[in-house]
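**Student:** Can you keep this structure in mind? I'll have questions shortly.
The values are calculated or read from the model by the stated rules, or taken from the named source; none is laboratory data. Note that this is a predicted model, so its numbers are computed, not measured. Note: ideal-geometry Cβ built from the backbone for every residue, glycine included; neighbour counts use all protein chains shown. Please note that ligands, DNA and RNA were not included when accessible areas were found on the heavy atoms of the full protein model with its side chains. Shrake-Rupley method; radii C 1.70, N 1.55, O 1.52, S 1.80 Å.
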Amino acid sequence: MPVMLEGSCRCGAVSFTVESHTPMPYQLCYCSICRKQQGGGGYAINLGANAATLKIRGKEHIGVYRAEIEDDERPVRETSTGERNFCRECGTALWLYDPTWPELVHPFASAIDSELPQAPERVHLMLKYKAGWVEPEIGENDAAFDLYPEESIADWHKKRGLWVD
Ligand SMILES: [Zn+2]
């Protein structure tokens, strides 16, 4: 059985549940969007969950942010397909949904209220875009990438026997 994740914003206007086969909070993204919208410590942690099972209370309080991106990788300014959902009342970042991968939704670990497992190792990504003041704490077994890792969140869990069936 997949894990049922329960999440909410800080003020309580929005809460949600979603099922996940991949609940390990192992993936730290240091990109400027994650960092500014959600990552006070210099990064955000994105989980993977099954979009079809997402149930939302307080939908009317949700705002959606689509970032404009212009960087070395995308020299021509474009609008991200990623839809960053947040609470319009208190500003809590809730999840990212990208219609490019409609079966997935990526809740931010910081918005989850249920107990999450502790990741045995972590992946640090988009380090090229981290803020200068951020000193990533890269553990012995951690992996670090300038941009994105090849391995998907699903593959990462499967390869380590951590996929929750
Ligand atoms: Zn709120």
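**Student:** Answer rounded, prolate or oblate for the range 77-165, using the Cα gyration tensor with square roots of eigenvalues a ≥ b ≥ c: rounded when a/c is under 1.5, else prolate when a/b is larger than b/c, else oblate.
**Tutor:** Rounded.
**Student:** Which GluC sites (Glu not before Pro) does the range 1-62 hold that lie in a coil by DSSP with at most 11 other beta carbons within 10 Å?
**Tutor:** Within the range 1-62, no GluC sites (Glu not before Pro) qualify (loop, at most 11 other Cβ atoms within 10 Å).
**Student:** Beyond a 30 Å Cα-Cα separation, which of these cross-linked pairs lie in this structure: Lys59/Lys128; Lys130/Lys158; Lys59/Lys158; Lys128/Lys158; Lys59/Lys130?
**Tutor:** Over 30 Å apart, Cα to Cα: Lys59/Lys128; Lys59/Lys158; Lys59/Lys130.
**Student:** Between Cys29, Cys11, Cys87, which gets the highest mean-square fluctuation from a Gaussian network model of the chain, Cα cutoff 10 Å?
**Tutor:** Its mean-square fluctuation being the largest, the pick is Cys11.
**Student:** Here is a follow-up. Within the range 63-104, which GluC sites (Glu not before Pro) sit in a loop by DSSP and count at most 14 neighbouring Cβ atoms inside 10 Å?
**Tutor:** Glu70, Glu73, Glu103
**Student:** Largest first and in whole Å, what are the equivalent-ellipsoid semi-axes of the chain based on the Cα gyration tensor, each being the root of 5 times an eigenvalue?
**Tutor:** Listed largest to smallest, the semi-axes of the chain are 23, 21, 15 Å.
**Student:** Kindly list the residues of the range 1-29 that lie in the label zone of Ser152, defined by a backbone N under 13 Å from the point 7 Å along the Cα-to-C-beta vector.
**Tutor:** 21-22
**Student:** Nearest 5 is fine: what % of DSSP beta bridges in the range 31-165 come out antiparallel, could you say?
**Tutor:** Of those bridges, close to 90 percent are antiparallel.
**Student:** So, one more: In nm, give the distance between the simple-model label positions of Thr81 and Asn141, each being 7 Å from the Cα along the Cα-to-Cβ direction.
**Tutor:** 3.4
**Student:** Can you give me the accessible area per residue for the range 105-165, using a 1.4 Å probe, in Å²?
**Tutor:** Value for the range 105-165: 64 Å² per residue.
**Student:** Relative contact order (percent) for the chain, with alpha-carbon contacts under 8 angstrom and 6 or more residues of separation?
**Tutor:** 28
**Student:** For the chain, what % of the accessible area comes from carbon and sulfur atoms, probe 1.4 Å?
**Tutor:** 49
**Student:** Please sort by residue number the trypsin sites (Lys or Arg not before Pro) in the range 1-56 whose DSSP state is loop and whose Cβ has at most 14 other Cβ atoms within 10 Å.
**Tutor:** Hits after loop and neighbour filter: Arg10.
**Student:** Unpartnered cysteines of the chain (Cβ-Cβ under 4.7 Å counts as a partner)?
**Tutor:** Cys31
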